[in-house]
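The values are calculated or read from the model by the stated rules, or taken from the named source; none is laboratory data. Here the structure is a predicted model, which is why all the values come from computation and not from measurement. Cβ: placed from backbone, ideal geometry, glycine included. Neighbour counts: every protein chain shown.
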């Protein structure tokens, strides 16, 4: 992790010969070429001075950043050029307008930015690099296939490549809807067939298998008590990692049995669905020690896990052994994220010497168990799926039960 007091460096973007600086996760291209050291360094110093004066932060929104960069004499922001009203709309211009609209669409009222926005930006990068100056009305299926070849050359899996191409087409469909480009462009782009299984060099997506109870037990010995409880709760409820990590005391209705946990935000809320997660007696006994008086507090606090880890380390340490000094004191958040939760499990698997698994496999194991014991409709309802077709992708067939059924009925 970069230190808080470091200054981002001026780097050479070899594809265009420009100098580039990354501030707050955004790539900013300087006007002066990297080879023109004096001019490039002067522009870089001006940019950094403005950034420091703003408290090491960029303004919010592409439009505001674009205005701010003009004051700092920078050419481009996040690889998207300015829109020139006197020239035909370029691919860069279309993407700039599209991403500005997407920021509004994927930014919620509470300031949350959905992950789909980042996926859109990643999908647009090769489009900007290869065809940024191309008029948008001249972009066709052949150029789109070249973009797809870039994704394939990066080693991306077939399903993900198809998803990224759909996001590229979405940008042009948006342009057609506003009559920025001719309607025939979107019809032409849709003629490009998606990648088919066995007919492409792109590797296939790995099927996610349910994690076995033996794998869970092996990793449990290396996890802190807090993360152990989180694993057990997810295994017994099948909730998503984001739902588990964002669980707050005030989100749980304890006035009835079973308790009902309604996440403030969930994956299918844009469909108008209400997510209701039922917490049975086993789960209630697990989370009760973690409930706090503050209704806004998260149930699972990583700061508790840090204390547990320190206590465990002190018990293992010899009396004459001094604790290892830390170079920097890392700030611990008041709640887990899906990434930090998965990272804790991954490290535990490594320490235990077993094959790594991730929290989403706990959800697969739960859905498979419910579908095998009851039915797919019950599994879909408990998993919060909008359709049973999604549930079917989670279920692993029990080959042993199928064999027993055939032998007993048709033997």
Could you tell me which numbered condition residue 227 fails, if it satisfies all but one of (1) touching a residue at least 40 places away in the same chain (Cβ under 8 Å); (2) outside the structural domain of residue 364 (by TED's automatic domain parsing); (3) assigned to a helix (DSSP H, G or I)?
(2)
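How many of the residues in the stretch 1-13 are part of a loop (DSSP other than H, G, I, E, B) and modelled with pLDDT of 75 or more?
We begin by selecting, within the stretch 1-13, every residue part of a loop (DSSP other than H, G, I, E, B); these are 1-10.
Then drop every residue that is not modelled with pLDDT of 75 or more, which leaves 6-10.
So the count comes out to 5.
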Going through (1) modelled with pLDDT under 95; (2) surrounded by fewer than 19 Cβ atoms within 10 Å (Cβ to Cβ); (3) under 30 Å from residue 311 (Cα atoms) one by one, residue 226 fails only at (2)
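Just checking, which of 276, 264 is in contact with a strand residue (DSSP E or B) (Cβ under 7 Å, 6 or more places away or on another chain) and at pLDDT below 95?
Numbers: 264 fails: in contact with a strand residue (DSSP E or B) (Cβ under 7 Å, 6 or more places away or on another chain).
Going through 276, 264 in turn, the sole match is 276.
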Residue 220 passes all but one of the listed conditions (1) modelled with pLDDT under 90; (2) surrounded by 13 or more Cβ atoms within 10 Å (Cβ to Cβ); the exception is number (1)
Can you tell me which of (1) buried (at least 17 other Cβ atoms within 10 Å of the Cβ); (2) under 19 Å from residue 114 (Cβ atoms); (3) in contact with a helix residue (DSSP H, G or I) (Cβ under 7 Å, 6 or more places away or on another chain) is the one residue 243 doesn't meet?
(3)
Where in the stretch 368-411 are the helices (runs of 4 or more DSSP H), entirely inside, with at least 1 residues that are under 16 Å from residue 239 (Cβ atoms)?
376-383, 388-392
With the checklist (1) at pLDDT below 90; (2) in a loop (DSSP other than H, G, I, E, B); (3) in the same structural domain as residue 238 (by TED's automatic domain parsing) in hand, flag the one item residue 309 doesn't pass.
(2)
Of the candidates 250, 280, 272, the one satisfying the condition of being touching a residue at least 40 places away in the same chain (Cβ under 8 Å) and under 24 Å from residue 394 (Cβ atoms) is 280
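Regarding the stretch 232-246, can at least one residue be identified that is outside the structural domain of residue 341 (by TED's automatic domain parsing) and not in a helix (DSSP H, G or I)? Before the answer, list the steps.
First pass over the stretch 232-246, keeping only residues outside the structural domain of residue 341 (by TED's automatic domain parsing): none.
For the stretch 232-246, residues outside the structural domain of residue 341 (by TED's automatic domain parsing) and not in a helix (DSSP H, G or I): absent.
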Which listed residue, of 122, 91, 113, is within 22 Å of the chain's Cα centre (by Cα), closer than 16 Å to residue 164 by Cβ and at pLDDT 75 or above
122
